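Everything on this sheet refers to the single structure shown next.
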Number of protein chains: 2
Amino acid sequence: MQKDVQVREVGPRDGLQLVKQFMPTETKIAWIKAEAEAGVVDFEVTSFVPPSVIPQFADARDVATESLKIDGINAMVLVPNLKGAEMAFETGSPKVNGIVSVSKTHNKANVRRTRDDSVEGFRKIVELRNNTPEYANLKVGCGLPTALGCTLEGNVAESEVLKVAEQLLDAGADEIMIPDTVGYASPSQVRSLLKQVIPLCGDIPVVAHFHDTRGLGLANVYAALEAGCTRFDASLAGFGGCPFAPGATGNIVTEDLVFLLEAEGLKTGIDVMALRKAREILTGALPEEAAHGAILKAGLPKGFVPATAQVAAE
Amino acid sequence: MQKDVQVREVGPRDGLQLVKQFMPTETKIAWIKAEAEAGVVDFEVTSFVPPSVIPQFADARDVATESLKIDGINAMVLVPNLKGAEMAFETGSPKVNGIVSVSKTHNKANVRRTRDDSVEGFRKIVELRNNTPEYANLKVGCGLPTALGCTLEGNVAESEVLKVAEQLLDAGADEIMIPDTVGYASPSQVRSLLKQVIPLCGDIPVVAHFHDTRGLGLANVYAALEAGCTRFDASLAGFGGCPFAPGATGNIVTEDLVFLLEAEGLKTGIDVMALRKAREILTGALPEEAAHGAILKAGLPKGFVPATAQVAAE
């Protein structure tokens, strides 16, 4: 089926990142499998960070390897640096996502080096891929944390986002991801930024990644759609809350995002109500964590035909 | 201060409508006063329905009367019919809001008469105002429940909404309110409908009223803004959930709506963080009810200057 929009499930990475309780590897895989059965194709399944930094990802290699055995999915991984990328490439991850914070202060605090050094680090990841024949089919994307605001610097200039995006494209990025890392963005801001980033990237796809910390996540999605964005990150049940905002939602809720897109007539390839099984695995495994989301509680509107189902019926 | 947008607090009416536990009159008034202190001017404070139908509004007359004593607010009331309007006018309510469901099935189920009879009933309310000299300054608005979808009929045709709106304008409505009664609407649908209703209404203001039942409430607000809508209903802490969708949000959350609008550079006249006191009165009085909303948990973005505060600084 030809999809209009791509929904990427980043819960196993971004959603779990701050969750203290370790989720067993087999549960993570069961969760991913259940979402794949509902039609989700693209996942960020783990992060290759040292277990001393984030114990939740102590099983990164196993999750990455096991995910590759699930039919029909694209199991991406996050890597904070070249060392993580080396490990990820070795497992055969089809897409490795680096990060360079636009906020220089945030980049320094997050990975303890300058932003320019991070850009050079990303270039080395691309070069490693380019110089290794068996990695020829692997993709390298890059996220730009704080592109829409920073808890340390506050507002982040559009010109700085464009500058970093240009550097990453020059370094050979296969994809650019624009996140609202801390949930600061408003719709007009999103639309304005993406209307500049998307043309800059040309054939290189742009992914929008919103957090719902301040309630504007899906409004920002709508604004991003207007700017021509067709790829969105989300997290099942909105996992990924902020430790400094108790009870706050994390990433936008996958199931609500799918409903929004399907209601807008856009084919996601995902059966929204079939996400319930995956949600039950997740909330069953982590009953102490706040679970968010509306559509699975409320059900579809009477007579609602998702865009994806309309295609199937044609 | 010149406001760009009007935020109407409908929690004391729509938010409480389904709440079984009676909220004492003095608590209702304390809640309204606390929101007024944060800058909210427009309220729908109660509904003149028989106490046998909704016991929560057994104190309608007292709430309406006491609200009139609060400085600087516009205390509207809902009336289901002429009898309710008579009582409301007697208390001196400055604006009385009638209702006519666009879905004929819903109108019949809700008020046990045909839609045409309801339009005629609304006309009689306007005539009562027109024919009573002491009511000359009182306004009569009308809401169109199910304008964006109906649990009984499913999809509701735009042409039917426009037809009913025209009938109500002809009957003398001073304001038209377009609600997504059951949380079915998507942003493009909202924009499409309002782009037709607003020009039809000309100088008569149009209010959008969204429920967040399926998570799209604020995305719908953004779409309504694009269609030129500048008046929005909301409910503090998102009170007003649906009895058929446990845990589902009701009306869009007042405090998150204010944040969205201020972040979009639109002056609401409301200090969003000052809504906390009112929220505490509400959640303290009804601790068993689900309270929603993000901004008061997360706090404003670093360096954020609300549009309203920018005006104050000029």
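When the residues of the stretch A:47-62 are filtered to those that are out of contact with any Pro (no Cβ under 7 Å at 6 or more places or on another chain) and among the β-branched types (V, I, T), the one that is surrounded by the fewest Cβ atoms within 10 Å (Cβ to Cβ) is A:V53. If the condition is being buried (at least 24 other Cβ atoms within 10 Å of the Cβ) and either touching a strand residue (DSSP E or B) at 6+ places or on another chain (Cβ under 7 Å) or in contact (Cβ under 8 Å) with a residue 60 or more places away in the chain (or both), then the stretch B:199-224 contributes B:A208, B:H209, B:F210, B:H211, B:D212, B:G215, B:G217, B:N220, B:V221, B:A224.
Considering the stretch B:17-46, the residues that are hydroxyl-bearing (S, T, Y) and closer than 23 Å to B:T249 by Cα include one that is surrounded by the fewest Cβ atoms within 10 Å (Cβ to Cβ), namely B:T27. Taking the criterion of being more than 10 Å from every other protein chain (Cβ to nearest Cβ), assigned to a loop (DSSP other than H, G, I, E, B) and either surrounded by 24 or more Cβ atoms within 10 Å (Cβ to Cβ) or at positive phi (or both), the residues of the stretch A:256-274 that qualify are A:T268, A:G269, A:I270. If you go through the stretch A:121-165 and pick out every residue that is out of contact with any Leu (no Cβ under 9 Å at 6 or more places or on another chain) and closer than 19 Å to B:K302 by Cα, you end up with 10. Considering the conditions (1) crowded, with 21+ Cβ neighbours inside 10 Å; (2) touching an Asp or Glu at 6+ places or on another chain (Cβ under 9 Å); (3) within 18 Å of A:V79 (Cα to Cα), A:K95 is excluded by exactly one of them, (1). Sort out which residues of the stretch B:275-314 are within 10 Å of chain A (Cβ to nearest Cβ), of a type in the set (K, R) and part of a helix (DSSP H, G or I), and write them in order of number. Correct list: B:K297 only. Kindly check whether there is at least one residue in the stretch A:234-241 that is at pLDDT below 95, over 18 Å from A:E262 (Cα atoms) and within 13 Å of another protein chain (Cβ to nearest Cβ). Checked against the condition, which is being at pLDDT below 95, over 18 Å from A:E262 (Cα atoms) and within 13 Å of another protein chain (Cβ to nearest Cβ), the stretch A:234-241 yields at least one hit. If you go through the stretch B:42-64 and keep only what is of a type in the set (A, V, I, L, M, F, W, C) and either touching a residue at least 24 places away in the same chain (Cβ under 8 Å) or under 19 Å from B:S235 (Cα atoms) (or both), you end up with B:F43, B:V45, B:F48, B:V49, B:I54, B:F57, B:A58, B:A60, B:V63, B:A64. Scanning the stretch B:156-168 for residues that are out of contact with any strand residue (DSSP E or B) (no Cβ under 7 Å at 6 or more places or on another chain) and in contact (Cβ under 8 Å) with a residue 12 or more places away in the chain, we see that the one that is surrounded by the most Cβ atoms within 10 Å (Cβ to Cβ) is B:V164.
Scan the stretch B:38-58 for residues that are within 19 Å of the chain's Cα centre (by Cα) and either assigned to a helix (DSSP H, G or I) or more than 22 Å from B:D256 (Cβ to Cβ) (or both) and report the count. Write out each step before concluding.
Looking only at the stretch B:38-58, we keep the residues that are within 19 Å of the chain's Cα centre (by Cα), and these are B:38-49, B:54, B:56-57.
From what is left, the residues that are either assigned to a helix (DSSP H, G or I) or more than 22 Å from B:D256 (Cβ to Cβ) (or both) are B:46-49, B:54, B:56-57.
Total satisfying the criteria: 7.
Taking the stretch B:113-232 as the region of interest, the helices (runs of 4 or more DSSP H) fully inside it that hold 2 or more residues being within 11 Å of chain A (Cβ to nearest Cβ) and farther than 25 Å from B:N81 by Cα are B:187-201, B:217-226.
Is there a residue in the stretch B:65-72 that is in contact (Cβ under 8 Å) with a residue 40 or more places away in the chain and more than 21 Å from B:I252 (Cα to Cα)?
Restricting attention to the stretch B:65-72, the residues satisfying the condition of being in contact (Cβ under 8 Å) with a residue 40 or more places away in the chain are B:66, B:70.
Keeping just the survivors that are more than 21 Å from B:I252 (Cα to Cα) gives B:66, B:70.
Yes.
The values are calculated or read from the model by the stated rules, or taken from the named source; none is laboratory data. What you are looking at is a predicted structure, and each value in this text was computed from that prediction instead of being measured. Because the Cβ atoms are built from the backbone with ideal geometry, glycine has one as well, and the counts that use them run over all protein chains shown.
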